[in-house]
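A quick write-up on the structure given underneath.
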Amino acid sequence: MRAQSLYGSEPQRLHLLVSHEYVHQAVSEISFGNCPRWLEEGLALSFSQELPESYTESLATAVQEARTFPLEALGGDELFDIAPETTCLVYSQSHSLVDYLVQKIGWEGMAHLVRLCRNNETDRALQEFSLNCYLLEREWLRWLHN
């Protein structure tokens with residue numbers, strides 16, 4: 001994060017940026033940089049801010065039209081840095097997946113999941129919670145429909 005871009009920013013914006021980036025740093029250190037991007041980004045969003053309404057609307061539309069991204073596609077950086085409408089959906093989907101997981105396994109489970117990512121692929125880390133990427137995606141979609 002470049003401090004120069006923060007000069008003159010409102011205190012709320014500074015708080016959001018610092019807390020968001022701090023969570024990224026903490027998750028990266030705990031997982032040795034092996035956390036899937038959707039999990040790291042979802043956690044950073046959950047701890048730093050409420051999503052704008054446009055993001056939640058984007059997710060609702062994508063769910064309704066069955067055009068959410070597969071979890072495996074959200075594991076890397078590619079989708080997070082392209083067209084704004086895609087980025088909006090990717091971030092809102094990551095945030096929602098973390099919300100679902102917190103309800104399913106709690107914050108202790110989330111901390112354990114991040115630690116499991118140190119030495120395991122995502123599917124292997126999720127097995128600890130009787131999940132894999134496919135099952136997590138299906139359960140999350142079912143949760144959203146209820």
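The values are calculated or read from the model by the stated rules, or taken from the named source; none is laboratory data. The structure displayed is predicted, hence computed values, not measured ones. Counting neighbours? That spans all protein chains shown, and the Cβs are built from the backbone with ideal geometry, glycine included. To get the accessible areas, we keep the full protein, side chains included, count just its heavy atoms, and leave off ligands, DNA and RNA. Shrake-Rupley method; radii C 1.70, N 1.55, O 1.52, S 1.80 Å.
A few remarks follow.
- Residue satisfying condition, being open to solvent by less than 100 Å² (accessible area, probe 1.4 Å), on the phi < 0 side of the Ramachandran plot and either among the charged types (D, E, K, R) or part of a helix (DSSP H, G or I) (or both), within set R115, R138, R124, R142: R138
- Residue pairs meeting the criteria (Cβ under 7 Å; at least 6 apart or on separate chains; first touching a residue at least 40 places away in the same chain (Cβ under 8 Å), in the stretch 115-129; second in a helix (DSSP H, G or I) and buried (at least 17 other Cβ atoms within 10 Å of the Cβ)): C117/A125; T122/C133
- Qualifying residues in the stretch 60-88 (those that are closer than 16 Å to R138 by Cα and charged (D, E, K, R)) - the one surrounded by the most Cβ atoms within 10 Å (Cβ to Cβ): E72
Results for (1) under 23 Å from A26 (Cα atoms); (2) touching a Gly at 6+ places or on another chain (Cβ under 7 Å), shown as yes or no for each residue.
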position: E85; (1), (2): no, no
position: S92; (1), (2): yes, no
position: I105; (1), (2): yes, no
position: A111; (1), (2): yes, no
position: L116; (1), (2): yes, no
position: T122; (1), (2): yes, yes
position: L126; (1), (2): yes, no
position: R138; (1), (2): no, no
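Yes/no matrix, rows are residues, columns are (1) touching a Phe, Trp or Tyr at 6+ places or on another chain (Cβ under 7 Å); (2) more than 25 Å from V114 (Cβ to Cβ):
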position: S48; (1), (2): no, no
position: R67; (1), (2): no, yes
position: L74; (1), (2): yes, no
position: E78; (1), (2): no, no
position: I82; (1), (2): no, yes
position: V90; (1), (2): yes, no
position: Q93; (1), (2): yes, no
